[in-house]
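Single-structure report; data block below.
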Amino acid sequence: MDSPSVTIVVMGVAGCGKTTVGTLLAQSLGVPYLEADDFHPDTNVAKMRAGTPLTDEDRQPWLAAIAGQIAVGTRPRPVVSCSALKRQYRSQLRQADPRTWFLHLVIDEAAASERVAARPGHFMRASLVPSQLADLEPLQAEAGLAVDATQPPEDIVTAAICQLTAQGLLLSLRNQPRPRRDTADWSVAQTTSAIRAGDFGHSCRRLRKLTTSPQSRPSTFP
């Protein structure tokens, strides 16, 4: 599969599946994956480990570090995980690359808290999920897609690939080898084959259920 022409940021509150989906999406597209947790300063990690919510000021050096990686402009463009809860945070990332595209994994408090509590050894506490949801500002007239985070990761990746392709943000998939049906990521492989054949609409229509409320529907570039 060819690489995207834009940086993709997988966003959402803790427990929504950013690392799982981001890694799978990057593998499917054959591009680098950048894990946002790796860019937190030690002071932020200590606060979260203690169950203290981060402030806008706490997040600034972290966002600046991620933006710095995006601004490098290397090819292929990466997939990046970042909670990107507020529009001002996403604007900071867009300053590094104005065409940055966001994949918002939408999840409710109960499901997110359960997932975070099940991650042994991670610095993020389940008690912080409500504060993240309070900070969250969903996509509004911004380039990207909002999907139901409780759906299978493979289906979420397929939906993202469909939307990227529909918006002309993926290059031609012709002359790529056809994946085998018995591969673990067959749902992604199905979409790859359909796009190559010029009929990605079928796979995309199958996954319309993944998109969330109207205010979070796919946005396009101005």
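The values are calculated or read from the model by the stated rules, or taken from the named source; none is laboratory data. It should be emphasised that the depicted structure is a prediction, and the values quoted were computed from it without experimental measurement. All Cβ positions, even for glycine, are placed from backbone atoms using ideal geometry, and neighbour counts span all protein chains on display.
Worth pointing out:
- Meets criteria (free of Cβ contacts under 8 Å to residues at least 40 places away in the same chain and in a loop (DSSP other than H, G, I, E, B)) for Pro98: yes
- Breaking point among (1) at negative phi; (2) modelled with pLDDT of 95 or more, for Gly144: (1)
- Applying the condition of being closer than 19 Å to Phe123 by Cα and in contact with a strand residue (DSSP E or B) (Cβ under 6 Å, 6 or more places away or on another chain) to the range 26-60 and asking which residue is modelled with the lowest pLDDT yields Ala36.
- Which numbered condition Ser113 misses (of (1) at pLDDT 90 or above; (2) of a type in the set (Ser, Thr, Tyr); (3) in contact with a Leu (Cβ under 7 Å, 6 or more places away or on another chain)): (3)
- Looking only at the range 16-37, and only at residues there that are part of a helix (DSSP H, G or I) and among the aliphatic types (A, V, I, L, M), the one that is farthest from the chain's Cα centre (by Cα): Leu29
- Residues of the range 151-173 that are in contact with an Asp or Glu (Cβ under 9 Å, 6 or more places away or on another chain) and modelled with pLDDT under 95: Leu170, Leu171, Ser172, Leu173.
- Considering Leu93, Leu85, Leu63, the condition of being within 21 Å of Ser5 (Cβ to Cβ), at pLDDT 95 or above and outside any strand (DSSP E or B) is satisfied by Leu93 alone.
- In the range 69-82, the residue that is surrounded by the most Cβ atoms within 10 Å (Cβ to Cβ) out of those that are among the aliphatic types (A, V, I, L, M) and outside any strand (DSSP E or B) is Ile70.
- Qualifying positions in the range 119-146 - touching a strand residue (DSSP E or B) at 6+ places or on another chain (Cβ under 6 Å) and either under 15 Å from Val45 (Cα atoms) or not in a loop (DSSP other than H, G, I, E, B) (or both): Gly144, Leu145, Ala146
- The range 38-51, residues that are crowded, with 17+ Cβ neighbours inside 10 Å and either touching a Lys or Arg at 6+ places or on another chain (Cβ under 6 Å) or part of a helix (DSSP H, G or I) (or both): Phe39, Asn44, Lys47, Met48
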